[in-house]
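Just so it is clear, none of the values below were taken in a lab; they were calculated from the coordinates. This structure is a prediction, so every number in the text was calculated from the model and none was measured. With ideal geometry, Cβ positions are generated from the backbone for all residues, glycine too; neighbour counts draw on all protein chains shown.
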C-alpha cells in the first residue's frame, strides 16, 4: 500500500527531532544537546508529561523527602535548554516515516525534515467507555485527581481502579474529601503492599470489592452518583460528587503505528536493550514503549538510551 502524505516542498531541516516533553523527551534532549546533535524538541499536548498530573514524587532518586513533580519537570526542561536544546510548543499531527529524512508536520502547519527521530509521546489515561462517563467528562468525571481534586473539598468521590495509581489518587483525595470510595473489580488490590497499607489506614476510604461501574449518574449539570454491579449480580447506587478514573493508560502511538511495529496494546516495540524501533533511525523512549514499568526514572533512562542510539546512528550515516 502506498502511503501519501501532503507535505510542502519547503520545510525546516534538523538532525534530530524529539517528540514529547516529559522525563524521556527532556532527558533525550539533554544528552543529544551535549553530543552536539542540535536537537529540536516539541513538547506535545502535555508539556512535562503525565508526571505533571501528580504532586510530590517520592521515589525519584536524589530527592530525599520527595520533589514537586512540576518543579522536577521544569528543572529537566531548563537543563536541556541550558545545553542548547531548541524546545518548542506544539504537537506532531502528521508523519511520514517511509523514508529518510523523516517528515513531520507540527500542529497541521509547521513542516520538518529530520535525519533521526525520537518518539517520547508518552501515554494517556484510559476511560471505561460508558456513554454517561463521556457525558459528564469535565462535569464530575476526571482522570486526574491532583488536577481536579480541589473542586471536591469536603465532598464524596469515587476512584475506579486497584493499582498503585488508583491508591495514590484515593490517598490524595482522602486528604481533601469527606469520603472516598474505591471501586475495585476484583477482591484484591494490584497495588504494592506499601500502597495498600496506606489506603487501609485511612478511615475515610471505603473499598468496594468485586464491583464494576454500569453507569455514571448525574442531573445534567454534574455527577451525582454511580451505579455499580457486584460480581454476584447485585446492582446498587452510591452518591458521589466526583468520579475519578485510575485504570491505566494507552500509549500515544496512533500517529506512528502504520509505520512502526507495535504490540497488541499499541506500545511501540523496541529492540532488546535499545530504543531502536522497526524503522532504522526512529527511536522510542518512555511510556510510549514501556507497558511494564512506566516510572519517571525508567522513562528518563530510556530517553538517555534514545539519544545515545540516535547519536550512534547519525555517526554511522556520516551526519555530524
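Computed extension length for residue 237-residue 153: 28.1 nm, one decimal, from 0.36 nm per residue of separation with the Cα-Cα distance subtracted.
Packing around the peptides 287-294, 231-238, taken as the average count of other Cβ atoms within 10 Å per residue, puts them in this order, highest first: 287-294, 231-238. Ordering of 121-129, 86-94 by packing is 121-129, 86-94, highest average first (other Cβ atoms within 10 Å, averaged per residue). Length gained on full extension, residue 280 to residue 36, computed as 0.36 nm times the residue gap minus the Cα-Cα distance: 85.8 nm. Taking all Cα pairs closer than 8 Å and separated by 6 or more residues, the relative contact order of the stretch 127-245 comes to 31 percent. Rounded to 0.05, the FRET efficiency of the residue 83 and residue 221 pair, given R0 = 51 Å and the Cβ-Cβ distance, is 0.55.
Highest average first, the peptides 73-80, 249-256 ordered by how many other beta carbon atoms sit within 10 Å of their residues are 249-256, 73-80.
The simple Förster model, with R0 at 35 Å and r as the Cβ-Cβ distance, assigns residue 271 and residue 193 a FRET efficiency of 0.55. Normalised by the number of residues in the chain, the average gap of Cα pairs under 8 Å and 6 or more apart makes the relative contact order 20 percent. Would the stretch 127-245 count as rounded, prolate or oblate if I go by the C-alpha gyration tensor, calling it rounded below 1.5 in a/c and otherwise prolate when a/b exceeds b/c, oblate otherwise? Oblate is the answer for the stretch 127-245, as a/c is 1.5 or above yet b/c matches or exceeds a/b.
Cα centroid separation, the stretch 165-243 to the stretch 254-278: 34 Å. For the Cα atoms of the chain, what angle does the longest principal axis make with the long axis of helix 69-82, in degrees from 0 to 90, nearest 10? For helix 69-82, the angle is close to 10 degrees. Beta bridges per DSSP, both residues in the chain: antiparallel share near 50 percent. Would any residue of the stretch 163-185 have its amide N under 18 Å from a label point 7 Å out along Cα→Cβ of residue 126? List them or say none. Inside the label zone: 163-170, 183-185. Hey, what angle do you get for helix 164-174 against the long axis of the chain, alpha-carbon based, 0 to 90 degrees rounded to 10? Relative to the chain, helix 164-174 is tipped by roughly 50 degrees.
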